[in-house]
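The values are calculated or read from the model by the stated rules, or taken from the named source; none is laboratory data. For clarity, every value in this text was computed on a predicted model and none was experimentally measured. Methodologically, a virtual Cβ is constructed for each residue, glycine included, from the backbone with ideal geometry; neighbour enumeration extends over all protein chains shown.
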Amino acid sequence: MIKVALVSYFDSRIINNGIGSYCENLIESINIQSENNIVLDYITPYTLPGSNNNINFIKFAQKIRYYLSKRQKKYDLIHSTSGAGFLSKTIDIESIHHLEPFFTFSNIHSLPNYITARKSKNIVTISKFTANQVRKIYDHNKVKIINNGIDTSYFKPSKIINNNNKYKAIYVGSLTSRKQPLLLLKWLLNNKNTYLTIFGTGPLKNKIEQISSKIGLNHRLTITSGNKLSLLNNLHRNDFFIFPSSLEGFGLSLVEAVSTGLPFLSFDVGIAKHLHDNGLGLVVEDNSEFINTKADKIIKFKNPSQSYNFIKKHYSLKKMGSSFLNYYNKIYENKDNL
């Protein structure tokens, strides 16, 4: 058996974000493999002895360095995500979700992500989009693409049919500046016959509510949040997905939406271009084009069975787990031969 320490500052039991979801998807994808010789130890502020849910990033990294140094013989591989192991002496694998430009970091983990990637022997990215970013900075030979995956047995198309003449759009994600949720309001203003559900929360929620009230959109806008079942129900009740995010490594919520049969409107972030090139949705170049895209144009891409089958083939947990199983074994064999 190969024992892997999977280190992450983000745990969705504490804060719900893409990195925590990625780690949980990775664990689940490995566990569902029929032939599995990998044991993952998921180390987060939630599980690290002596830590707590309120620990800051730097203190967590310090504790991780100490924790791993005392357990060098326990783990065969150390897999850090988004810079969590940047103070640790040895990192075998660093996962990168996306890279932000130098000196414009919106998250505390961004600079450590650069540092850890440089010291790590191997880098795994969650999409081709991120790999292209990473290869501009680091050695091409140590960069591996393993796409994130979703539970396609759960995210399936619904038989619900919208029989009225009103379109229903949905956005799923955090309400932060990087996600550009204020663009949703401008888009909604230009689509008079459309209702919008925002499924998420964040620091811009109050501002969205204030602007929506001021410009008279409250009767066509719903802001909500909830658990995985609530998310699925909301996806099933809508006609298409609208995604104004300016930067994504993968775009997990986009993939989940497409898997349920929804076409989409997005910028060229994460895997959106791959989905667009296969006829599953619409990718635009700038804010103006995004705001002025009509619902009629998006809905033309709707083909639930095609969307679901494409996601199942390319972005399932099963495929993610199989890829990581092979990757871990290869890294371990190469390390053992040194």
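General remarks:
- Being outside any helix (DSSP H, G or I), on the phi > 0 side of the Ramachandran plot and in the same structural domain as Ser177 (by TED's automatic domain parsing) is not true of Gly249.
- Contact map, region 25-39: residues that are over 10 Å from Gly321 (Cα atoms) and assigned to a loop (DSSP other than H, G, I, E, B) paired with residues that are of a type in the set (A, V, I, L, M) and at pLDDT 90 or above, Cβ distance under 7 Å, separation 6+ or inter-chain. Pairs shown: Asn37/Met1; Asn37/Ile2.
- So Tyr154, is it within 22 Å of the chain's Cα centre (by Cα), closer than 22 Å to Val283 by Cα, outside the structural domain of Thr81 (by TED's automatic domain parsing) and aromatic (Phe, Trp, Tyr): no
- Scope region 146-172; condition under 17 Å from Ile311 (Cβ atoms) and free of Cβ contacts under 8 Å to residues at least 24 places away in the same chain; matching residues: Ser153
- Residues located in region 170-201, provided they are part of a loop (DSSP other than H, G, I, E, B) and farther than 17 Å from Lys294 by Cα: Gly173, Ser174, Leu175, Thr176, Gln180, Pro181, Gly200, Thr201
- Residue check, Val269 assigned to a strand (DSSP E or B) and either surrounded by fewer than 20 Cβ atoms within 10 Å (Cβ to Cβ) or touching a residue at least 12 places away in the same chain (Cβ under 8 Å) (or both): no
- The criterion of at least 3 residues that are touching a helix residue (DSSP H, G or I) at 6+ places or on another chain (Cβ under 7 Å) and farther than 25 Å from Asn164 by Cβ is met, among helices (runs of 4 or more DSSP H) falling completely within region 278-338, by 317-336.
Condition check ((1) of a type in the set (Phe, Trp, Tyr); (2) in contact (Cβ under 8 Å) with a residue 40 or more places away in the chain) across all residues:
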position	(1), (2)
Phe264	yes, no
Leu280	no, no
Lys300	no, no
Ser316	no, yes
